[in-house]
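A quick write-up on the structure given underneath.
The numbers here are math on the coordinates, done by the rules we state, and not lab data. Because the structure is predicted, anything quoted here is derived from the model rather than measured. Every residue, glycine among them, receives a Cβ derived from its backbone with ideal geometry; neighbour counts consider all protein chains shown.
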Amino acid sequence: MPENVQGIVADDNFVPIEMTYENYKACVSEKRLFVVPGAEHGISYLVDTHEYCSIASDFMDKVLKNNSPT
């Protein structure tokens, strides 16, 4: 089953934040939502690089650990 991590911006004028929450709720796989206040569309990584990388790394570690062959 595919996993999903989203770095989302709270001040996105391109994709409304409400759509983000709808997509997040609809996703049935392992997921993590990261909302970056003050960022515009597509730049959450640039606004909060450290936290973005930390969350993405933790998420991937968890997913890979849970899906490793036994």
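For this structure, a couple of remarks:
- Three-way shape call for the stretch 18-70 based on the alpha-carbon gyration tensor, with the a/c threshold at 1.5: oblate
- For VAL36, the residues whose amide H sits under 5 Å from its own are ILE8, VAL9, ALA10, ignoring neighbours fewer than 5 places away on the same chain, with H placed 1.01 Å from N.
- Per-residue HN-Hα couplings for the stretch 28-35 [Karplus 6.51, -1.76, 1.60; θ = phi - 60°; Hz; x = Gly/Pro]: 9, 8, 3, 8, 8, 9, 10, 9
- Using a Förster distance of 25 Å, the FRET efficiency for PHE14-MET60 (Cβ separation, nearest 0.05): 0.45
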